[in-house]
Amino acid sequence: MKKGNILYADPTLNIDLNFNRSVVLIAEKNKLGTVGFILNKKSPYSTLDLIPELNENFIIYVGGPVEKDNLYFIHNIPHLIPNSIKIKEKLHWGGNFETVIDLINKKKIDKSEIKFFLGYSGWNEGQLDEELKINSWIVSHELGLENIALKTSDLIWKNKLINLGGEYLIWSNSPENPQHN
């Protein structure tokens, strides 16, 4: 497992409300641990709610349960945003936030190029590896990673399970809370 991988929560991970049906992009993995962003859970906020100087409305996603008061972003335009950190060739995270605000206000960044998150998903060294050993996550090495990461579809998790087929097909149509069955 390395940065740029996408983790799909195993359907049996439904007891963890933070990660139930989550699709997580791994943005960084090193000897200290792993950082990722949940791609498919919208927060109740938009950029207009949290960034008064911004005049465009972007959805903000719940990146994870760590540092939920901080705003993070991924993008595919490192040539425009200084200090971006490379995840994969066409996908980066972070960078100069003042530049981002300026470029969005000048309509030089659109919604297909950037995605915002409150918080992130974090694992200490070895913690995610343990979760992988007990099959809490399905690891995927997606082609066209930047399209999946920047897409706003709520159906990413369900569509992956349908594509996996077999026993996952049944889970793809199960209710989010099995007690509502």
Residue hits (segment 135-181; over 21 Å from SER112 (Cα atoms), of a type in the set (Phe, Trp, Tyr) and either assigned to a strand (DSSP E or B) or modelled with pLDDT of 85 or more (or both)) are TRP137
Would it be correct to say that LEU128 is open to solvent by 40 Å² or more (accessible area, probe 1.4 Å) and out of contact with any helix residue (DSSP H, G or I) (no Cβ under 6 Å at 6 or more places or on another chain)?
-> no
Over segment 1-52, the set of residues at positive phi and open to solvent by less than 20 Å² (accessible area, probe 1.4 Å) is GLY4, GLY33
Please state which one of PHE97, PHE58, PHE116 is within 21 Å of ARG21 (Cα to Cα) and of a type in the set (A, V, I, L, M, F, W, C).
-> PHE116
Counting only residues that are more than 27 Å from ASN20 (Cα to Cα), out of contact with any helix residue (DSSP H, G or I) (no Cβ under 9 Å at 6 or more places or on another chain) and basic (Lys, Arg), how many does segment 61-94 have?
-> 1
ILE74: touching a Lys or Arg at 6+ places or on another chain (Cβ under 6 Å) and crowded, with 21+ Cβ neighbours inside 10 Å, yes or no?
-> yes
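Take the conditions outside any loop (DSSP other than H, G, I, E, B), over 28 Å from PHE58 (Cα atoms) and touching a residue at least 24 places away in the same chain (Cβ under 8 Å) and apply them to LEU132. Does it pass?
Values: outside any loop (DSSP other than H, G, I, E, B): yes; over 28 Å from PHE58 (Cα atoms): yes; touching a residue at least 24 places away in the same chain (Cβ under 8 Å): yes.
Here the answer is yes, as LEU132 does meet what is asked.
Among what's in segment 112-125 and is part of a loop (DSSP other than H, G, I, E, B) and in contact with a strand residue (DSSP E or B) (Cβ under 8 Å, 6 or more places away or on another chain), pick the residue that is most open to solvent (accessible area, probe 1.4 Å). Full working, then the answer.
Here is the first cut: in segment 112-125, the ones part of a loop (DSSP other than H, G, I, E, B) are 112-113, 125.
Cutting the leftovers down to in contact with a strand residue (DSSP E or B) (Cβ under 8 Å, 6 or more places away or on another chain) gives us 113, 125.
On the way: GLU113: 43, GLU125: 136 Å².
By that ranking, first place goes to GLU125.
The values are calculated or read from the model by the stated rules, or taken from the named source; none is laboratory data. Since the structure is predicted, the reported quantities are computational estimates derived from the model, not experimental observations. As a convention, Cβ positions derive from the backbone with ideal geometry for all residues, glycine included, and neighbour counts pool all protein chains shown. Surface accessibility is based on the protein's heavy atoms, side chains included, excluding ligands, DNA and RNA. Shrake-Rupley method; radii C 1.70, N 1.55, O 1.52, S 1.80 Å.
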